[in-house]
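Here is the structure we will look at, set down as structure tokens.
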Amino acid sequence: MLKFIDFFAGIGGFRLGLEKAGMKCIGFCEKDKFAVKSYTAMYDTKGEWYANDITAVKAENIPKADLWCAGSPCQAVSIAGKRNGLHGGRSNLFFDFVNLLKGKKEKDKPEWIILENVKGLLSSNKGWDFLEYLCELDESGYDLQWQVFNSKDYGVPQNRERVYTVGHLRNRGRRKILPVTGENGAALSQIIGGSQGYRVYDTNGVSVTLGSNGGGYGAKTGLYLIDQSTIKPKITDTARCITARYNAGFVNRTAANSAVLEINKINVIGNHTLSGHSDGRIVSPIGISFAVMDNHDTVTSITVNEKIKDKNNVRIRKLTPRECFRLQGFSDDLFEKARAVNSDSQLYKQAGNAVTVNVVYAIGKKIAEQEGH
């Protein structure tokens, strides 16, 4: 059984995915005290190595492991951020991770490393930041492969693109892990557990919520998703990328966080659509509904291919913290453990900062197969 250490651990997306691939966590490092509360509530960490500040960790104090994983902070290279580059803000904590690799004797280095970062790393500083990123890992003794993964291709209905870099210790020979395809997404969904289903209205006329596996056939969420945006919002089949700032509400930009369009039981007259101004009208790609939103972020009119008599039967709400956890591949029982020790505000932040469990599982499984596990 391969053993790993979880750096920048958050709420354990790497941990859960690698454990599902048959590996064992022997330690973790995380500074955010609220994330640590969730992490220790969700998993059995008794007896494991722990550090709360990677900048204070000494390489010789880290126990020997087969694999190190890390989802280092990425705000300074994110397209949504100020893009100060790899050396800006907390993004430079990547170098602390590298220094720990370099500080290990060759025989004590992990054979494998897996790093996750935003897709913006590839274009940050015209690509020079990613080149430096790879050079630093190369100098640490690793042959490297990288791939952009979209979570929606791996059994969860979230449009989340991230670049994963896999390194193998050069003195142990070459290993080919990437590319990993999303063709087995249905099988990955089953690992999370729960029922699947097509997008439908339930018998009470209310849109169904996410299944406990975070998705259904054809990557359907079971939710009528709509952008939390006051500018040209769209209805989407998959959720927009869950961010740490999801709880901020509606914003003045396009393709923002997803909200949920709920339709209660309605009385309809005729078989025609509402007429009126087209400004702000959202057309569902599957022909389900139109909506018009005013400056107060409320629905002013809606049709379901028919004229609706009472607009009060429609509302737009935020995704719940539970739904955000599901969109990242976490089971409901783990969410309940996190909810018992943290506020909704922290849970939203933690879900947004997490890595998607299903993607990590796909990579971890490929590594385990290479090692004969």
For region 138-176, the count of residues that are in contact with a His (Cβ under 8 Å, 6 or more places away or on another chain) and either of a type in the set (K, R) or over 20 Å from L122 (Cα atoms) (or both) equals 2
For region 327-349, what are the residues that are part of a helix (DSSP H, G or I), at pLDDT 95 or above and open to solvent by less than 10 Å² (accessible area, probe 1.4 Å)? F335, A338, L347
Select from region 112-165 the residues that are more than 20 Å from C324 (Cα to Cα), buried (at least 24 other Cβ atoms within 10 Å of the Cβ) and among the hydrophobic types (A, V, I, L, M, F, W, C) and list them in ascending order. W112, I113, I114, L115, L121
Residues satisfying the stated conditions in region 43-53, i.e. open to solvent by less than 70 Å² (accessible area, probe 1.4 Å), closer than 21 Å to K109 by Cα and modelled with pLDDT of 95 or more: E48, W49, A51
Restricting attention to region 2-42, which residues are at positive phi and open to solvent by 10 Å² or more (accessible area, probe 1.4 Å)? F8, G10, G22
Being hydroxyl-bearing (S, T, Y) and more than 18 Å from G329 (Cα to Cα) is the filter; apply it to region 226-261 and report the residue that is surrounded by the fewest Cβ atoms within 10 Å (Cβ to Cβ). T254
Based on what the data block shows, is E48 acidic (D, E) and under 20 Å from I114 (Cβ atoms)? yes
For H168, only one of the following conditions fails: (1) of a type outside the set (V, I, T); (2) surrounded by 19 or more Cβ atoms within 10 Å (Cβ to Cβ); (3) modelled with pLDDT under 95. What is its number? (3)
Picking from S72, S78, S91, the residue that is modelled with pLDDT under 95 and within 18 Å of V166 (Cβ to Cβ) would be S72
Scan region 99-136 for residues that are modelled with pLDDT under 95, among the hydrophobic types (A, V, I, L, M, F, W, C) and part of a helix (DSSP H, G or I) and jot them down. L121, L122, W128, F130, L131, L134, C135
Return a yes/no flag: does region 147-159 have any residue that is among the β-branched types (V, I, T), outside any helix (DSSP H, G or I), closer than 27 Å to G12 by Cβ and in contact with a strand residue (DSSP E or B) (Cβ under 7 Å, 6 or more places away or on another chain). yes
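The values are calculated or read from the model by the stated rules, or taken from the named source; none is laboratory data. This is a predicted model, so every value here is computed, not measured. Methodologically, a virtual Cβ is constructed for each residue, glycine included, from the backbone with ideal geometry; neighbour enumeration extends over all protein chains shown. Ligands, DNA and RNA are excluded from the accessible area calculation, which covers all protein heavy atoms including side chains. Shrake-Rupley method; radii C 1.70, N 1.55, O 1.52, S 1.80 Å.
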